1. Could you give the angle, 0 to 90 degrees to the nearest 10, between helix 80-89's Cα long axis and the longest principal axis of the Cα atoms of the chain?
2. Between the stretch 322-384 and the stretch 258-281, how many Å separate their Cα centres?
3. Fewest first, what order do 300, 226 take by the number of other Cβ atoms within 10 Å?
4. Give me the angle, in degrees from 0 to 90, between the Cα long axis of helix 36-46 and the longest principal axis of the Cα atoms of the chain, rounded to the nearest 10.
5. Name the aspartates and glutamates eligible as straight-distance cross-link partners of residue 383: C-alpha to C-alpha under 15 Å, and not fewer than 8 places from it in the same chain.
6. Simple spin-label model, 7 Å along Cα-to-Cβ: residue 317 to residue 22 in nm?
7. Determine which aspartates and glutamates satisfy two conditions relative to residue 92: a Cα distance under 19 Å, and not lying fewer than 8 residues away in the same chain.
8. What would the Debye formula give as log10 I(q)/I(0) at q = 0.12, 0.21 Å⁻¹ for the alpha-carbon point model of the stretch 320-385, no solvent?
Amino acid sequence: MKKLSLLLLLCLASQACQTQPRPRNVIFMIGDGMGPAYTTGYRYYKDNPQTEIVETTVFDRLLVGTASTYPDDDTYVTDSAASATALATGVKSYNGAIGIDAAHQPLDSLLKHAKRQGKDTAIVVTSEINHATPASFVAHNESRRNKDAIADHFIDNKIDGRPMVDLLLGGGQQYFARSDRNLLQEFENFGYQSGNNIQQLQELTQLPAIGLFADTGLPRAIDSDTPQRLSNMTEKALRLLQKSNNKSGFFLMIEGSQIDWCGHANDIACAMHEMDDFARSIEVVEKFIQDNPDTLLVVTADHSTGGLSLAATKDYRWQTDIVSMQKRSLAAFIGLLNEDADLATLWQENFGYPLEPQDLAALQENMNDRRALYDTAVKVSSKYSNTGWTTSGHDAVDVQVFASGKGHELFRGFQDNTMISQRILLLMDGKPL
């Protein structure tokens, strides 16, 4: 961080800011693509229809503010790389940038700073661990697309001769066990325990450790045999970090990566399953903070995806019962279909309701064009739940900020996404990177 914002400078000069407690542990959670419509939708999705009131969720309990997300250009709409760079380093950059500023200069991250302080460091995600968000905490590259080079940075960017991250859990095997370089073997040479299947998660017993449980991202929660994979990895990470008993504490970044992927796919049921896993992960951290009050938790999103609206027509309804009945992601459902498929029966079995004749005909008409078939499935499924989507990309709405634990008061109100990182740093040691 080369420049502190004016608001943060004012904070540094104030008595309240100077007396902020310093947390021993910092947990930074990012719901990729999780705009306000997602947290609102999750509340209604989890509501018990047998009660008179709508029950609140962990997001309602921890809400403290909002944040703007615009990148370092005139588009106002950020991608995950630019926003993750802002959240990791406190400096804005251009879309696609990984851990560098607009002049392509490398930026130090909160994770790197924590490691320099002697803290244990950990990253837990459901994407590849070299995907845009986790990468921005470790690597420096002009383009998020350079995934092999970014993976290399996870072992080449060292502190005191060792990799910067003590615990890595997520996906990305194909980038870390390549024909030109076997990074997994290099991690093992540094004494890392390793696992390549989510069932091996419990076999990781101490730091350092790396678990890459899929070639790319982990299976979608709605399609997975272990739908609570992020919350399970979060529990494991906290146990391992606590077992390490590092007197300096730890820095843990957790990403609910695939909320964004379901948003890009315009698949509301897929998104709500990812939201549920992310919410459960936050609740795991909440419980940890109860026993470890010297911990700060900050939760936010990098941007919102899909232009989600909880109603799509003048018919004032949003059908959570329809959303809840869906058993597979739209992508997985399309994968079931072939020329001999009984489309009407398969839809009934996987979505829980029968298709109207015109919707069945629209799907059948596109059976030989997978892209058109998918787009039609989006329109049909969204119609029944009355869910709206304006884009398959990102939008520029502000995102919410949630916080708990030691120093959480500093995140109240409106802030830019760069200020989140700057305030975390302030609570870590009061000095700019």
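Read the figures in this text as sums done on the coordinates, not as results from a lab. It should be emphasised that the depicted structure is a prediction, and the values quoted were computed from it without experimental measurement. As a convention, Cβ positions derive from the backbone with ideal geometry for all residues, glycine included, and neighbour counts pool all protein chains shown.
1. Taking the Cα atoms of the chain, the angle to 80-89 is about 20 degrees.
2. 19
3. Values: 300 24, 226 17.
Fewest-to-most Cβ neighbours within 10 Å comes out as 226, 300.
4. 60
5. Output for residue 383: 267, 315, 321, 356, 359, 375.
6. Roughly 5.8 nm, to one decimal.
7. Leaving aside aspartates and glutamates fewer than 8 places away in the same chain, those within reach of residue 92 are 32, 72, 73, 74, 79, 101, 108, 142, 302, 395, 398, 416.
8. Listed by q, the Debye log ratios stand at -0.25, -0.81.
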